């Protein structure tokens with residue numbers, strides 16, 4: 001088959017809309033009218049209309065933060081593949097056994113609006129309101145399972161989820177150490193899934209970080225952005241060289257690969273054949289102007305131990321807001337002296353407008369203030385050095401990390417402490 005005859009398949013139902021299934025702890029669970037009526041307790045949400053069908057389907061029209069949504073709900077069977085549990089979340093053994101044994105669920109599906117993070121947040125709020133006694137939530141569109149406590153904490157938070165929460169990056173390993181990286185969850189956000197072909201075990205972590213950063217860049221854009229046409233400056237190599245990426249539909253991109261062992265036409269007969277794109281590099285301004293692309297693997301000798309990938313300003317401020325909202329956990333965990341706690345502080349630069357975000361170790365808390373010791377030498381600040389201690393307030397915090405005997409806890413995975 002020649003590439004000119006290839007075409008993208010239609011989107012699957014899980015790509016056109018976002019599908020989540022709330023899994024009950026009670027095996028005898030049946031949805032009741034009061035469960036649906038509980039949706040009205042969600043802040044900034046108004047139920048406009050509710051229709052019940054004889055088959056058990058429920059269609060709800062609602063308004064949330066001045067946008068209207070059509071939401072479908074239906075009970076049904078469920079069977080979760082084991083690998084859905086290995087996507088960025090930790091589960092206890094008894095949780096895993098219960099989730100894999102689950103046979104009932106309540107599916108909630110809806111179309112995402114322009115702000116995908118707000119829509120995702122709303123869907124989590126709906127799931128928790130409908131079923132407070134959750135075992136877990138299956139995010140079918142992203143092919144992963146969400147812990148019940150994480151869903152609850154996220155649903156109750158005033159801070160939007162991270163764009164990183166809306167998708168997963170899967171790695172398929174083949175012969176001779178080859179790795180095929182691809183996302184799930186982006187199509188429901190009205191953009192393309194992303195892939196890196198011909199990765200390998202040695203470089204797959206850097207490729208994973210690149211793919212995640214690029215996906216977040218796309219989702220965090222506040223203005224219209226077509227990743228198949230436009231470029232994105234998302235990082236720097238160890239030699240300071242910029243990492244500028246774009247992507248091309250798999251239909252067009254496969255012609256650039258010969259003897260492809262993973263992600264080839266045979267691998268796309270049953271999936272990965274709708275709106276998905278291969279990521280490429282622009283290695284110069286001239287190449288970018290002429291749309292001349294190179295494979296990601298061209299940079300494999302230049303990643304080094306710590307290539308720099310960028311967060312958007314929006315994500316930086318979101319992380320700060322979440323760290324401040326959940327700072328009470330820092331205070332609680334500081335009481336256990338065997339915990340080590342690091343706090344990232346935004347130190348103002350000389351221009352008075354920008355900050356250098358740098359890690360301190362927490363040493364003392366007194367009321368609303370805390371003392372912390374600098375753990376590293378700043379790049380652009382001259383009046384503070386490694387080992388120096390200063391007093392700060394919660395307003396100075398941009399992130400934090402709690403090292404317990406079992407876990408490394410940050411504001412996003414605080415559900416581990418709650419459990």
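The values are calculated or read from the model by the stated rules, or taken from the named source; none is laboratory data. Just so it is clear, the structure is predicted and the values come from calculations on it, not from any experiment. Cβ placement follows ideal geometry from the backbone for every residue including glycine, while neighbour counts extend to all protein chains displayed.
Exactly one residue out of 234, 229, 172 is outside the structural domain of residue 321 (by TED's automatic domain parsing) and in a loop (DSSP other than H, G, I, E, B), and it is 229. Would region 111-123 turn up any residue that is more than 20 Å from residue 186 (Cβ to Cβ) and either out of contact with any strand residue (DSSP E or B) (no Cβ under 6 Å at 6 or more places or on another chain) or assigned to a loop (DSSP other than H, G, I, E, B) (or both)? No; the residues of region 111-123 include none that is more than 20 Å from residue 186 (Cβ to Cβ) and either out of contact with any strand residue (DSSP E or B) (no Cβ under 6 Å at 6 or more places or on another chain) or assigned to a loop (DSSP other than H, G, I, E, B) (or both). If you check 61, 98 for being in a helix (DSSP H, G or I) and modelled with pLDDT of 95 or more, only one passes: 98. Of the candidates 50, 54, the single residue that is surrounded by fewer than 16 Cβ atoms within 10 Å (Cβ to Cβ) and more than 30 Å from residue 269 (Cβ to Cβ) is 54. Only residues that are in contact with a helix residue (DSSP H, G or I) (Cβ under 9 Å, 6 or more places away or on another chain) and either crowded, with 16+ Cβ neighbours inside 10 Å or closer than 30 Å to residue 193 by Cβ (or both) were counted across region 14-28, and they come to 10. In this entry, residue 73 is excluded by the filter for residues that are assigned to a helix (DSSP H, G or I), at pLDDT 95 or above, assigned by TED's automatic domain parsing to the domain that holds residue 47 and in contact with a strand residue (DSSP E or B) (Cβ under 6 Å, 6 or more places away or on another chain). Selection of region 180-196 for residues being closer than 15 Å to residue 278 by Cβ and part of a loop (DSSP other than H, G, I, E, B) yields 186, 191, 192.
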